Amino acid sequence: MSDLKNRTLTIEKTFNAPLQLVWDAWTQSEHIVKWWAPQGMDIKVIEHDFKVGGTWKYAMPMPDGNEFISEGTYKEIIALKKIVTSADFKPMTENVELQAHFEADGEKTKFTFSVIHATEAYCKQQEDMGFYNGWGSALERLDKTLETLTT
């Protein structure tokens, strides 16, 4: 097994919103549909059973009529601190682990998002395929969604 650091892609961001609001936006279906996909894309929540062992499944309609499916199973949930889930984004990314860490910083929230891959090579391939652009775009949408929820 290669070194964890070399198999992990991470984005750190500080949201100008309180911890509870950021947590809710990440964990509640009515908020997830507003930001989970990259800019310009829609998302449908098919399943969202937010508990350890629970599954989630979202569909993103594509211009060609097909749907891009993302799904996983929650492995660890520590309220207002951490979410760990398996994830498949078929057909582009499969068998990865998502880790979302939340930390209050006054009225802001420090957020660390990591995706752990099975191998270093797979990690590099995902980075080259646009990991930072794709997730960066979704997290920008989350930022804008949070602004509408705080005003």
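The values are calculated or read from the model by the stated rules, or taken from the named source; none is laboratory data. Computed from a prediction, not measured in an experiment: that's the story for all the values here. Quick reminder, even Gly has a Cβ in these numbers, built from the backbone with ideal geometry, and neighbours come from all protein chains shown.
Numbers below:
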| read-out | value |
| --- | --- |
| Residue tally, condition among the charged types (D, E, K, R) and either in contact with a Leu (Cβ under 7 Å, 6 or more places away or on another chain) or modelled with pLDDT under 95 (or both), over region 7-29 | 1 |
| Qualifying residue in region 48-56 (condition: charged (D, E, K, R) and within 18 Å of Phe102 (Cβ to Cβ)) | yes |
| Condition broken by Ala59, with the remaining ones in (1) over 17 Å from Glu12 (Cβ atoms); (2) within 13 Å of the chain's Cα centre (by Cα); (3) aliphatic (A, V, I, L, M) satisfied | (2) |
| Residue match in region 43-59 (condition: in contact with a Leu (Cβ under 7 Å, 6 or more places away or on another chain) and either at pLDDT 95 or above or among the aromatic types (Phe, Trp, Tyr) (or both)) | no |
| Any hit, region 59-78, residues being in contact with a helix residue (DSSP H, G or I) (Cβ under 7 Å, 6 or more places away or on another chain), hydrophobic (A, V, I, L, M, F, W, C) and surrounded by 16 or more Cβ atoms within 10 Å (Cβ to Cβ) | no |
| Qualifying residue in region 100-109 (condition: touching a helix residue (DSSP H, G or I) at 6+ places or on another chain (Cβ under 8 Å), at positive phi and at pLDDT 95 or above) | no |
